[in-house]
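What follows is a short report on a single structure.
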Amino acid sequence: MRRAGPAVLLTLLGAALATRVPAAQVGLRPSFGGAVLEGRIVAGADDELTGVWSAQGRARLLKCAPRCEAVQAIPVSGTLLMSAETPYRVAVGGEFRPGQHVKLTLRFKNMQVLNVDALVNRP
């Protein structure tokens, strides 16, 4: 049996990192007409967040620089921090109470899907 050389191992490692399984630690902060996603999303180096859903329906992906406008995807280059103060935001419609747990589904460019449980924080 022949051993793989360093170039083959680096190629395999690069492919594994590029297709890293997404993970997220998120919460929701109530705002006018819904809530804003807060937390950290970790994915591959050239990945994109292409959709977020809750029981109330699809959330809006926003780019807020200088004004908020809807976008088709949010770029994720390894780690993406989300809050009401970051350039990219996710607005989830509906009524939310502090302490409530909300199931969210996040979809990424490579069609990977991540289901998370987000806790609604105090406004």
| query | Limited to the stretch 66-84, what total is found for residues that are β-branched (V, I, T), open to solvent by 60 Å² or more (accessible area, probe 1.4 Å) and either within 21 Å of P30 (Cα to Cα) or not in a strand (DSSP E or B) (or both)? | reply | 0
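With the condition kept exactly as written, say whether any residue in the stretch 40-55 is aliphatic (A, V, I, L, M), touching a helix residue (DSSP H, G or I) at 6+ places or on another chain (Cβ under 9 Å), open to solvent by 30 Å² or more (accessible area, probe 1.4 Å) and assigned to a loop (DSSP other than H, G, I, E, B). Step through it out loud before you land on a result.
To start, the set of residues in the stretch 40-55 that are aliphatic (A, V, I, L, M) comprises 41-43, 45, 49, 52, 55.
This time we only want the ones that are touching a helix residue (DSSP H, G or I) at 6+ places or on another chain (Cβ under 9 Å), so: 45.
Okay, now just the ones that are also open to solvent by 30 Å² or more (accessible area, probe 1.4 Å), so 45.
Checking which are assigned to a loop (DSSP other than H, G, I, E, B) leaves us with 45.
Within the stretch 40-55 (the criterion being aliphatic (A, V, I, L, M), touching a helix residue (DSSP H, G or I) at 6+ places or on another chain (Cβ under 9 Å), open to solvent by 30 Å² or more (accessible area, probe 1.4 Å) and assigned to a loop (DSSP other than H, G, I, E, B)), the answer is yes, since at least one residue qualifies.
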| remark: Those residues of the stretch 25-39 that are open to solvent by 70 Å² or more (accessible area, probe 1.4 Å) and either small (G, A, S) or touching a strand residue (DSSP E or B) at 6+ places or on another chain (Cβ under 6 Å) (or both) come to a total of 2
| request: Could you tell me whether any residue of the stretch 103-119 is exposed (fewer than 15 other Cβ atoms within 10 Å of the Cβ), of a type outside the set (D, E, K, R), touching a His at 6+ places or on another chain (Cβ under 7 Å) and not in a loop (DSSP other than H, G, I, E, B)? | output: yes
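The values are calculated or read from the model by the stated rules, or taken from the named source; none is laboratory data. Computed from a predicted model, the values in this text were never measured in an experiment. Counting neighbours? That spans all protein chains shown, and the Cβs are built from the backbone with ideal geometry, glycine included. Ligands, DNA and RNA are excluded from the accessible area calculation, which covers all protein heavy atoms including side chains. Shrake-Rupley method; radii C 1.70, N 1.55, O 1.52, S 1.80 Å.
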